[in-house]
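Down below is the structure, laid out as structure tokens.
The values are calculated or read from the model by the stated rules, or taken from the named source; none is laboratory data. For clarity, every value in this text was computed on a predicted model and none was experimentally measured. Cβ placement follows ideal geometry from the backbone for every residue including glycine, while neighbour counts extend to all protein chains displayed. Remember, those area values only see protein heavy atoms, side chains included, never the ligands or the DNA or RNA. Shrake-Rupley method; radii C 1.70, N 1.55, O 1.52, S 1.80 Å.
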Amino acid sequence: NAGVTQTPKFQVLKTGQSMTLQCAQDMNHNSMYWYRQDPGMGLRLIYYSASEGTTDKGEVPNGYNVSRLNKREFSLRLESAAPSQTSVYFCASSTSALIYEQYFGPGTRLTVT
Amino acid sequence: GENVEQHPSTLSVQEGDSAVIKCTYSDSASNYFPWYKQELGKRPQLIIDIRSNVGEKKDQRIAVTLNKTAKHFSLHITETQPEDSAVYFCAAGNSNYQLIWGAGTKLIIKP
């Protein structure tokens, strides 16, 4: 039981490049989330998917897009990376949106130069 | 907008002493209050949580208290140990079933 997995672990991009962060969970959870974590700040919600087939914006969605590919997988795409998107990105999942307990992946450290 | 304020930002305590971290939330409809521990370079992990129909919850050396009237909740760690050193985050579950997070408290346990 791997829990929540994320790829890649590290990534360096040049300004304007695009990339997709992958997230998968094997806990049969319905809800999935993407957060970013910047130094000295808490976690900020980018997008979430309450259930398969639905996605909604969180607190900081600008510059990102998401795809809930199936129940297991939820990807985050940066279409044109900017230095302000340098951060650590965490994916999380929960049984459902009504059950708040969230389980986190190991994170992706992204640097945009 | 909704926010969660967390204090202090850094807390240094002697090993064996108690540590208390406090959070205040703004959304009166919030009904779920978790605490996460994040060790350096690792993912956040849930250590304890409380729902709005309960005033206090304990799990061994950690406890959480909730005052809904004042809209604040606290994490208490007793008999602190070196492995308690980490960043602790509080959060509040809002009416859209999202978690609003505090900025974190770096807990340092001095030997």
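Of the strands (runs of 3 or more DSSP E) lying entirely inside chain B, those containing at least 2 residues that are under 10 Å from the mean Cα position of the chain (by Cα) are B:4-7, B:19-25, B:32-38, B:45-51, B:62-67, B:72-77, B:86-93.
Reported count of residues in segment B:57-71, each being modelled with pLDDT of 95 or more, within 14 Å of B:F33 (Cα to Cα) and open to solvent by 70 Å² or more (accessible area, probe 1.4 Å), is 1. Considering the conditions (1) open to solvent by less than 40 Å² (accessible area, probe 1.4 Å); (2) more than 16 Å from B:P44 (Cβ to Cβ), A:Q25 is excluded by exactly one of them, (2). Residues considered: B:I100, B:I109, B:I77. Of these, the only one that is over 25 Å from A:S94 (Cα atoms) and either buried (at least 21 other Cβ atoms within 10 Å of the Cβ) or touching a Cys at 6+ places or on another chain (Cβ under 9 Å) (or both) is B:I77.
Restricting attention to segment A:8-27, does a residue exist that is more than 15 Å from the chain's Cα centre (by Cα) and among the aromatic types (F, W, Y)? No - not one qualifying residue is present in segment A:8-27. The number of residues in segment A:46-90 being at pLDDT below 95, of a type in the set (A, V, I, L, M) and open to solvent by less than 30 Å² (accessible area, probe 1.4 Å) comes to 0.
Residues of segment A:1-22 that are open to solvent by less than 40 Å² (accessible area, probe 1.4 Å) and either of a type in the set (K, R) or under 14 Å from A:L76 (Cα atoms) (or both): A:Q6, A:P8, A:M19, A:L21. The set of residues from segment B:85-105 being in contact (Cβ under 8 Å) with a residue 60 or more places away in the chain and either in contact with a Gly (Cβ under 6 Å, 6 or more places away or on another chain) or more than 26 Å from B:S52 (Cα to Cα) (or both) comprises B:F89, B:C90, B:L99, B:W101, B:G102, B:A103, B:G104.
Selection of segment B:14-31 for residues being of a type outside the set (G, A, S), more than 12 Å from B:K71 (Cα to Cα) and either in contact with an Asp or Glu (Cβ under 9 Å, 6 or more places away or on another chain) or surrounded by fewer than 17 Cβ atoms within 10 Å (Cβ to Cβ) (or both) yields B:Q14, B:E15, B:D17, B:V20.
Counting the residues of segment B:82-97 that are open to solvent by 60 Å² or more (accessible area, probe 1.4 Å) and among the polar types (S, T, N, Q) gives 2.
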